[in-house]
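Everything below concerns the one structure shown next.
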Amino acid sequence: MTETLVLGGGCFWCTEAVYVQVRGVLDVESGYSNGHALNPTYEQVCSGTTGHNEVVKLQYDPAQVSTRELLEIFFVIHDPTTLNRQGNDVGTQYRSGIYFTTSEQQQVAQDLLAELNAEQAFGLPTVTEVLPQANYSAAEAYHQDFFERNPHQGYCMAVAAPKVAKFRKTFARLVRD
């Protein structure tokens, strides 16, 4: 049995680059979620007028990797304390978001956020929204597997590669064989 979880943690190229390496993640697709326009384009999402977030849709096997582990990775590879911003990427499309497809995922996300805030894990409160996944559409083909196809592109080298390295170091036990 597989589950679906949708995560917005800034640029989807960077988030996808990490999750394709996670044991138990069967498929990662870059896309747009939780906005009001139907099937928006990248340009429309970047304009900030659609309400969509750049996300990755994860299909995973919970027998191999838990929802909590996926979310622990999520909180290590992005800054959940900056509203509508990840580094130099600014706009509502870069907001921190967990878009669940089951009530169990919702509970895990809410519990983990409560723990992180109680521990003051980031020094500031988190701004991560936890909402049901809604109005998802896949990003254009040229966005899929972007880091894998363009590892020497400037943005990938400066932003995605360090996130991948941090994941591999912090979560060595979850790196795909």
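The values are calculated or read from the model by the stated rules, or taken from the named source; none is laboratory data. These numbers come from a predicted model, not from an experiment. Backbone-built Cβ (ideal geometry, glycine too); neighbour counts: all protein chains shown.
Is at least one residue of region 106-116 out of contact with any strand residue (DSSP E or B) (no Cβ under 8 Å at 6 or more places or on another chain), without any contact (Cβ under 8 Å) to a residue 60 or more places away in the chain and on the phi > 0 side of the Ramachandran plot? Break it down stepwise before answering.
Step one: list which residues in region 106-116 are out of contact with any strand residue (DSSP E or B) (no Cβ under 8 Å at 6 or more places or on another chain), which gives 107-108, 111-112, 114-116.
Among the residues that remain, those that are also without any contact (Cβ under 8 Å) to a residue 60 or more places away in the chain are: 107-108, 111-112, 114-116.
If we keep only those that are on the phi > 0 side of the Ramachandran plot as well, we get none.
Among the residues of region 106-116, not one is out of contact with any strand residue (DSSP E or B) (no Cβ under 8 Å at 6 or more places or on another chain), without any contact (Cβ under 8 Å) to a residue 60 or more places away in the chain and on the phi > 0 side of the Ramachandran plot, which makes the answer no.
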Fill in the blank from the handout: Heads up, the strands (runs of 3 or more DSSP E) in region 1-97 (entirely inside) with at least 1 residues that are in contact with a Pro (Cβ under 9 Å, 6 or more places away or on another chain) and acidic (Asp, Glu) are 3-9
Practice task
Within region 26-56, track down each residue that is exposed (fewer than 14 other Cβ atoms within 10 Å of the Cβ), closer than 27 Å to residue 70 by Cβ and among the acidic types (Asp, Glu).
Solution key: 27
Problem - First in region 72-92 and farther than 13 Å from residue 8 by Cα, second anywhere and acidic (Asp, Glu) and at pLDDT 95 or above, Cβ under 8 Å, 6 or more apart - result: 87/79
Exercise for the section: State which residue is farthest from the chain's Cα centre (by Cα) when the search covers only region 133-177 and only residues that are loosely packed, with under 15 Cβ neighbours inside 10 Å, in contact (Cβ under 8 Å) with a residue 24 or more places away in the chain and not in a helix (DSSP H, G or I). Expected result: 177
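For region 6-26, how many residues are touching a helix residue (DSSP H, G or I) at 6+ places or on another chain (Cβ under 6 Å) and among the aliphatic types (A, V, I, L, M)?
Total satisfying the criteria: 5.
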Handout entry: Failed condition for residue 128, given (1) within 18 Å of residue 86 (Cβ to Cβ); (2) surrounded by fewer than 18 Cβ atoms within 10 Å (Cβ to Cβ)
Key = (2)
Exercise for the section: Could you list, in sequence order, all residues of region 93-124 that are surrounded by fewer than 20 Cβ atoms within 10 Å (Cβ to Cβ) and closer than 26 Å to residue 46 by Cα? Expected result: 101
Exercise for the section: With respect to residue 16, determine if the residue is of a type in the set (D, E, K, R) and under 9 Å from the mean Cα position of the chain (by Cα). Expected result: yes
